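S.K.: There's a structure below that I have some questions on.
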Amino acid sequence: MPQYLSKTAPVLTQMRRARQGEITPQMEAVAAAERLEPELVRGEVARGRMVIPANIRHTNLAPMAIGIASRCKVNANIGNSPVSSGAEEELCKLQTALQYGADTVMDLSTGKNIRPIRQAIIHASPAPIGTVPIYEAIEMVKDPLDLTADMLLEVIEYQASQGVDYMTVHAGLLREHIPLVRERITKIVSRGGSLMAQWMQHHNRQNPLFERFDDLLDIARRYDVTLSLGDGLRPGCLHDASDKAQFAELKTLGELTLKAWEKDVQVMIEGPGHVPMDQIQMNMEVERELCHEAPFYVLGPLVIDISPGYDHIASAIGAAMAGWHGASMLCYVTPKEHLGLPNQEDVRNGIVAYKIAAHAADVARGRPGARDRDDELSRARYAFDWNRQFELSLDPERAKAYHDETLPEDAHKSAEFCSMCGPKFCAYKISHDVEGMMDTEPPAQTAADSAHSPRPRRAAQG
């Protein structure tokens, strides 16, 4: 069992150190990776607009940042369920997520052996690991209604002592918010939010994490756990988007953000959910205002509800728009969303869809260097440099497989065409010929030259 830190341990959070003027090794690493000045990173962390999830117990961590000044990030959810998967499968999902570019990974295990699975994931991951502590807490009791605040805080400290870098806590869902979901179609779709609402209604008491928020902050600041303030009332369908329940909770999350910052605890805010395209920009702007520009971490959002089996596409559309308008991290959605527990291939498809969305957002936001890779791939494409194209692709294996499957093997690397057009109709090949003609022909006459040229005589009419 990991050893807990003393309650008198020195405060070493990235936010505290940034506010004291220190540029930490983690900030230096982030600055190098993001092509930012170290002083800018320090200032953003001190202000709360950027977080560096870096639990002091996660010793093999490669530091990264989440914030509007940095690249738009992607999180992948993994984890077992009460009916499926074990440690080996979850570690395979972790490696798949990292291979295809996940910036962080959340272990959302709700089945058996949660603690050893989580420890194995942390040990194997250089990326920050997130959790939802209430899932483990519920596994400890026979009936969810038997949960106590002390039990929940004990789970939070245990996970912090293991090295969890950020935690989703549903501390802003208050008892007075629950009646606001009556007009919704899908009511409460967050697992943690529904469990918390059930507990409050049964015990006729306020949210225990809200009441014990100071105790939660004390744990977070000892280990430098970033709090991801969860949106337990996020909309679960388009009908429910941007309603009173969602924004009432968001207002409370903004108040909790200020409390966390008073204790030098890093915070990001979780967001919807399901939102039609015309409401996405407004949602980003309201979060910035209510939550004091704390980084926004959104699930999707899905822009339609009729895409089961293809929800990674429906949500990537919303994710690209959210990133463009200010979301700092996108939580991926896989094709299995709403249907079942994702497998490795689902993880792959979800990550690639969201890397597309995040990159599109970075290009739209004009981040320095964001389009460099696109331009380099375009040059390789025009030069028929297939291997370089594959290297620059978000999913090199799939790009190569699709290219090779309908061409003879001896043409895989050298063909100046693909099987879509063939050599006769390849626009790039024809463009090469046109370019060659332009290089060898005399300059074409300009309009001015043409005006002074002798006009050809008309043929005599009979």
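S.K.: Mind listing which trypsin sites (Lys or Arg not before Pro) in the stretch 342-428 are in a DSSP loop and have 15 or fewer other Cβ atoms within 10 Å?
M.R.: Those satisfying the criteria are ARG365, ARG371, LYS413.
S.K.: Sticking with this one: Let's see if you can work this out: charge +1 on each Lys and Arg Cβ, -1 on each Asp and Glu Cβ, no other charges. What is the dipole magnitude of the stretch 68-214 about its Cα centre, in debye to the nearest 20?
M.R.: Dipole about the Cα centre, nearest 20: 460 debye.
S.K.: With the dipole of the chain worked out from charges on the C-beta (+1 for Lys and Arg, -1 for Asp and Glu) around the Cα centre, which of GLY111, THR334, MET200 lies farthest toward the positive end?
M.R.: About the Cα centre, the residue reaching furthest to the positive side is MET200.
S.K.: Greater than 29 Å separation of Cα atoms is the criterion. Which listed pairs, LYS142/LYS259; LYS73/LYS400; LYS336/LYS400; LYS112/LYS336; LYS73/LYS259; LYS400/LYS424, meet it? Write out the running numbers ahead of the final one.
M.R.: Details: LYS142/LYS259 33 Å; LYS73/LYS400 26 Å; LYS336/LYS400 25 Å; LYS112/LYS336 21 Å; LYS73/LYS259 26 Å; LYS400/LYS424 22 Å.
Over 29 Å apart, Cα to Cα: LYS142/LYS259.
S.K.: Rolling a 1.4 Å sphere over the protein heavy atoms, what is the accessible area per residue of the chain, to the nearest Å²?
M.R.: So the chain comes to 47 Å² accessible per residue, rounded to a whole number.
S.K.: Measure off, as a whole percent, the carbon and sulfur share of the 1.4 Å-probe accessible area of the stretch 277-321, all protein chains present.
M.R.: Carbon with sulfur: 63 percent of the solvent-accessible area.
S.K.: I would also like to ask the following. If R₀ is 30 angstrom, what is the calculated FRET efficiency for the pair GLN20 and ARG115, using the beta carbon separation as r and rounding to 0.05?
M.R.: E between GLN20 and ARG115, to the nearest 0.05, is 0.30.
S.K.: Hey, with R₀ at 60 Å, roughly what FRET efficiency would HIS123 and ASN204 work out to, going by the Cβ-Cβ distance, to 0.05? Could the numbers behind the result be given before it?
M.R.: On the way: r = 42 Å, r/R0 = 0.71.
So, using R0 = 60 Å, E works out to roughly 0.90.
S.K.: So which GluC sites (Glu not before Pro) in the stretch 338-436 pass both tests, a DSSP loop state and at most 11 other Cβ atoms within 10 Å of the Cβ?
M.R.: Working: sites: GLU345, GLU376, GLU391, GLU397, GLU405, GLU409, GLU416, GLU435; in loops: GLU405, GLU416.
Passing both the DSSP loop test and the Cβ count: GLU405.
S.K.: Report, in debye and to the nearest 20, how large the dipole of the stretch 179-313 comes out about its Cα centre when Lys and Arg carry +1 and Asp and Glu carry -1 on their Cβ.
M.R.: 440 debye
S.K.: Hey, another quick one. Along Cα→Cβ, 7 Å out, is where each label goes; now give me the distance between the ones at GLU397 and ALA33 in nm to one decimal.
M.R.: 2.3 nm
S.K.: Using alpha-carbon positions, what is the distance between the centroids of the stretch 314-366 and the stretch 1-58, in Å?
M.R.: Using only Cα atoms to place each centre, the spacing works out to 27 Å.
S.K.: Quick one: angle between helix 25-34 and the longest Cα principal axis of the chain, in degrees between 0 and 90, rounded to 10, please.
M.R.: Approximately 30 degrees, to the nearest ten.
S.K.: Oh, and also: Using +1 at the Cβ of each Lys and Arg and -1 at the Cβ of each Asp and Glu in the chain, identify which of TYR158, ALA127, ILE66 lies farthest towards the dipole's positive end.
M.R.: Positive-end residue among those listed: ILE66.
S.K.: If you put +1 on each Lys and Arg Cβ and -1 on each Asp and Glu Cβ, how big is the dipole of the chain around its Cα centre, in Debye rounded to 20?
M.R.: 520 debye
S.K.: Considering only DSSP beta bridges where both residues belong to the chain, give the percentage that are antiparallel (nearest 5). It would help to have the intermediate numbers written out before the result.
M.R.: Details: 3 of 29 bridges.
Looking only at bridges with both residues in the chain, the antiparallel portion is about 10 percent.
S.K.: So what's the net charge close to ASN60: Lys and Arg +1, Asp and Glu -1, counting the other residues with Cβ under 15 Å from its Cβ?
M.R.: Charge balance in the 15 Å sphere: +1.
S.K.: Further, regarding this structure: With a point put 7 Å past each Cα toward its Cβ, work out how far GLN95 is from GLU211 in nm, to one decimal.
M.R.: That separation, rounded to one decimal, is 4.7 nm.
S.K.: If we count every other residue with Cβ under 11 angstrom of VAL265's Cβ, Lys/Arg +1 and Asp/Glu -1, where does the sum land? Present the calculation step by step, with values, prior to reporting the outcome.
M.R.: Working: positive: ARG16, ARG221, ARG222, LYS259, LYS263; negative: ASP214, ASP218, ASP224, GLU262, ASP264.
Combined, the nearby Lys, Arg, Asp and Glu give 0.
S.K.: If I model a spin label at GLN3 and HIS338 as a point 7 Å from the Cα along the Cα→Cβ vector, what separation in nanometres do I get?
M.R.: About 5.0 nm, to one decimal.
S.K.: Sticking with this one: Taking loop as defined by DSSP and a crowding limit of 13 other beta carbons within 10 Å, which GluC sites (Glu not before Pro) in the stretch 1-103 fit? If you can, show how the numbers build up before the last one.
M.R.: Working: sites: GLU22, GLU28, GLU34, GLU39, GLU44, GLU88, GLU89, GLU90; in loops: GLU22.
Answer by residue number: GLU22.
S.K.: Here's something else I'd like to know. For the stretch 95-170, what % of the accessible area comes from carbon and sulfur atoms, probe 1.4 Å?
M.R.: Values: 1300 of 2380 Å².
Answer for the stretch 95-170 is 54 percent, counting heavy atoms of protein chains only.
S.K.: A further question follows. Please report the net charge: other residues with Cβ closer than 13 Å to the Cβ of ASP362, K and R +1, D and E -1.
M.R.: Net charge in that neighbourhood comes out at +4.
The values are calculated or read from the model by the stated rules, or taken from the named source; none is laboratory data. Everything numeric in this text was worked out from a predicted model, so none of it was measured. Cβ atoms come from the backbone with ideal geometry, glycine included; neighbour counts cover every protein chain shown. Please note that ligands, DNA and RNA were not included when accessible areas were found on the heavy atoms of the full protein model with its side chains. Shrake-Rupley method; radii C 1.70, N 1.55, O 1.52, S 1.80 Å.
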